[in-house]
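Data first, discussion second: the structure below is written as structure tokens.
The values are calculated or read from the model by the stated rules, or taken from the named source; none is laboratory data. Computed from a predicted model, the values in this text were never measured in an experiment. Cβ placement follows ideal geometry from the backbone for every residue including glycine, while neighbour counts extend to all protein chains displayed. Quick note on the areas: whole protein, heavy atoms, side chains included, nothing else; ligands and nucleic acids left out. Shrake-Rupley method; radii C 1.70, N 1.55, O 1.52, S 1.80 Å.
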Amino acid sequence: MLAFGVVRGLVSTGPARGTRLAIVVDPPLDERSHGLALRAVHERLDDEVSAVGPRILATADGVVAEVPEQDPEMVDQIVALIERTAKLEIRSGGRTLPASAIVEARSELGVTIEVADPAALAGFAVGTRVDVIFDGKPKYTGAPDRIQGTELHLPVTDIRDAIDLAAAIEAGATPPMHVVRRDAFERATGFLPRAWPFLAIAGVLLVIAAVLWLRRS
């Protein structure tokens, strides 16, 4: 009981008060779209919400985000940020990589684009020009230096540019998300407010044990 109270007190619970947002993802909801949506919510809220930080959890039909904000106008801005959609085009010659085929984009000595089916990379070739267009604007022009199985790697020398490109690709690949419910909440946070009920019970049990031990001795 004492150990449980300590663990409960130390576990992060997110903001003490704010708004809980229920977010659903457009079907078909599968592992690919669920993972992209979860990462997109993290990406969009981690930099925009206050220093307290949001609490973001996966649910069966989407994502739940708890943000430390209850002002209606501020919550509206956060909702607009979550529901923002982007248009992504990745072209090579006459071939276009469908955004719906992308599973993940990782910044690894450049940017690695992973797709669900290697057939989506048909028509792409090492050394052949690739253009990435994000929201109608050129984002990247270069040639892949590796295409293997379900992965296409784009060389990018600057790590910040690689991170930015990977984030843009994932944003464009993320299916539309919709905030379907907003609920204000308050909860106890910090070590003592969360742990004290269990610590108190543990203390009582220790006193009882001590009394019984003294009587036997």
Practice item. Identify, from the list T189, T157, T141, the residue that is within 30 Å of V111 (Cα to Cα) and at pLDDT below 95. Key: T157
Point to revise | Count of segment 52-66 residues which are in a strand (DSSP E or B) and in contact (Cβ under 8 Å) with a residue 24 or more places away in the chain | key: 8
Point to revise | Test: T112 is outside any loop (DSSP other than H, G, I, E, B), among the hydroxyl-bearing types (S, T, Y) and either over 25 Å from R160 (Cα atoms) or more than 15 Å from the chain's Cα centre (by Cα) (or both) | key: yes
Point to revise | Which listed residue is surrounded by 16 or more Cβ atoms within 10 Å (Cβ to Cβ), in contact (Cβ under 8 Å) with a residue 40 or more places away in the chain and farther than 20 Å from P176 by Cα, from E104, E69 | key: E69
Point to revise | Residues of segment 81-98 satisfying the condition of being small (G, A, S) and either part of a loop (DSSP other than H, G, I, E, B) or surrounded by 19 or more Cβ atoms within 10 Å (Cβ to Cβ) (or both) | key: A86, G93, G94
Check your understanding: Is there a residue being within 28 Å of E114 (Cβ to Cβ), modelled with pLDDT under 90 and open to solvent by 50 Å² or more (accessible area, probe 1.4 Å) anywhere in segment 17-26?
Key -> no
Review point. Does any residue of segment 132-144 turn out to be at positive phi, within 24 Å of the chain's Cα centre (by Cα) and either in contact (Cβ under 8 Å) with a residue 12 or more places away in the chain or loosely packed, with under 15 Cβ neighbours inside 10 Å (or both)?
Key: yes
**Study point:** Yes/no for E31 being open to solvent by 90 Å² or more (accessible area, probe 1.4 Å), more than 12 Å from A65 (Cα to Cα) and at pLDDT 90 or above
**Key:** yes
